[in-house]
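Worksheet: the structure to be examined is printed underneath.
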Amino acid sequence: MSPLQTILAILAIGLVTYATRIGGILIMARIPVSPRIEAFLRYLSGSVLVALVVPPVIHTGPAAWLGVAVTLAAMLRTRHALLSLVLGMAAAAGYRALA
Amino acid sequence: MTTSETPVCLTAAGMVRGARQMAFALVSVVLFAVAFGVAARGAGLEGWATLLMSGAVFAGASQFAALELMTAPVPWIPLLAVVFAVNARHILMGAVLYPWFGRLPFVQRLLPAAVMTDINWALAVQAYDRGERDIGHLVGSGLLLWVTWLAGTGLGVALVDAVTIDLERFAVDLVFLLFFVCLLTSLRRGRSDDIAWLVAGATALVAWHVLPAHWHVLSGALAGGIAGLLHHERRRHQPERHDHPQ
């Protein structure tokens, strides 16, 4: 990416993000968010993360599968995001060191 | 409620109160910021661009998500749509704070909105329930978070540039995937999420193979959102299975 492209892309992302931050306040000033829209947005925010994660995890291979499994297990047990992240990374790194 | 009669304001004292309450979360914010700095350098973003992104976007999950799409030529529609989708929750968060924000003059709403993130939003909601009416609470905690996020990003960038680490050897290439796994685990509210997420994952996987690059996120997200909405609608017509939270 050229520096100009990079700057433009980052500014555009920043603008879109700001629009979501101010958007709720602007919309509420006009119309109440309907339960349907609320439900859609709620499922959308989780789904986008799932869609982001699944294909690369599947295609990266066993190191990623192990990392995800360990992070998920640690997260369900401890609910501590950072600890789970580090454990998952350690498991994946360990697999790569041995494989 | 009598507290809703208290005038809404924005003061320095309120900012200090908010910043103080934020302190407990700063260590984990620094570490996630370091992880982002490292991941961004790993994805090929320059150090200055990584800092610019943290400063201008200030939304961790979407920044991680955008990394994959920061390529030349810029895939504009997937990039902006993904960032929008990841951050769409802000719209609801802002709507929740409307009773507070909404009574301020328009110009005074701009700054609090800019620094609203998941963490300080949650704190602000609790503070409002306790009777806090000074939006400085959100601004103070938000500004402290922003500085911390920027500093942590810089630290991550400096780490990568100072030490020549083999990113794959330490599984740094997986940081953002694992980060999202953590986020999803804490986001999950029940079975209805599983249905939406299963549809999202399956659609994304199919799209990855059949659609041009970068469209899998958007197709998966929309499919999951629609599946969730349909499930939600069906449940509304079955009052006997009324088990949604709140």
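Overview of values
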{"quantity": "Those residues of segment B:80-108 which are more than 7 Å from chain A (Cβ to nearest Cβ) and among the basic types (Lys, Arg), in sequence order", "calculated": "B:Arg103"}
{"quantity": "Flag for B:Met116 being within 26 Å of B:Gly154 (Cβ to Cβ) and at the interface with chain A (Cβ under 8 Å from one of its Cβ atoms)", "calculated": "yes"}
{"quantity": "Subset of segment B:176-191 [in contact with a Phe, Trp or Tyr (Cβ under 8 Å, 6 or more places away or on another chain) and either more than 8 Å from chain A (Cβ to nearest Cβ) or β-branched (Val, Ile, Thr) (or both)]", "calculated": "B:Phe176"}
{"quantity": "Helices (runs of 4 or more DSSP H) wholly inside chain A containing at least 2 residues that are farther than 24 Å from B:Gln63 by Cα and modelled with pLDDT of 95 or more", "calculated": "A:62-78, A:81-98"}
{"quantity": "Residues within segment B:127-155 that are over 19 Å from the mean Cα position of the chain (by Cα) and of a type outside the set (Ser, Thr, Tyr), tallied", "calculated": "12"}
{"quantity": "Residue within segment B:160-167 that is buried (at least 18 other Cβ atoms within 10 Å of the Cβ), over 23 Å from the mean Cα position of the chain (by Cα), farther than 22 Å from A:Pro32 by Cα and at pLDDT below 90 present", "calculated": "yes"}
{"quantity": "Flag for A:Tyr95 being more than 20 Å from the chain's Cα centre (by Cα) and among the hydroxyl-bearing types (Ser, Thr, Tyr)", "calculated": "yes"}
{"quantity": "Candidate set from segment B:1-47 (those that are in a loop (DSSP other than H, G, I, E, B), in contact with a helix residue (DSSP H, G or I) (Cβ under 9 Å, 6 or more places away or on another chain) and over 25 Å from A:Pro56 (Cβ atoms)); member that is farthest from the other protein chains (Cβ to nearest Cβ)", "calculated": "B:Thr11"}
{"quantity": "Any chance A:Leu87 is touching a helix residue (DSSP H, G or I) at 6+ places or on another chain (Cβ under 8 Å) and more than 7 Å from every other protein chain (Cβ to nearest Cβ)", "calculated": "yes"}
{"quantity": "Scope segment B:200-216; condition under 22 Å from the mean Cα position of the chain (by Cα) and within 17 Å of A:Tyr43 (Cα to Cα); matching residues", "calculated": "B:Ala200, B:Gly201, B:Ala204, B:His216"}
{"quantity": "Segments classed as helices (runs of 4 or more DSSP H), wholly inside segment B:48-106, with at least 1 members that are touching a helix residue (DSSP H, G or I) at 6+ places or on another chain (Cβ under 8 Å), among the hydroxyl-bearing types (Ser, Thr, Tyr) and under 19 Å from A:Leu49 (Cβ atoms)", "calculated": "B:60-67"}
{"quantity": "Sole exception among (1) within 21 Å of A:Ser47 (Cβ to Cβ); (2) surrounded by 14 or more Cβ atoms within 10 Å (Cβ to Cβ); (3) facing another protein chain (nearest Cβ under 8 Å) for B:Glu233, by number", "calculated": "(2)"}
{"quantity": "Positions within segment B:204-214 being more than 14 Å from A:Val54 (Cβ to Cβ) and of a type in the set (A, V, I, L, M, F, W, C), in sequence order", "calculated": "B:Val210, B:Leu211, B:Ala213"}
{"quantity": "All positions within segment B:107-123 that are modelled with pLDDT of 90 or more, of a type in the set (A, V, I, L, M) and not in a loop (DSSP other than H, G, I, E, B)", "calculated": "B:Leu110, B:Leu111, B:Ala113, B:Ala114"}
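The values are calculated or read from the model by the stated rules, or taken from the named source; none is laboratory data. This one's a predicted model, so the numbers in the text were calculated from it and none came from an experiment. Don't worry about glycine lacking a Cβ; one is built from the backbone with ideal geometry, like all the others, and counts go over all protein chains shown.
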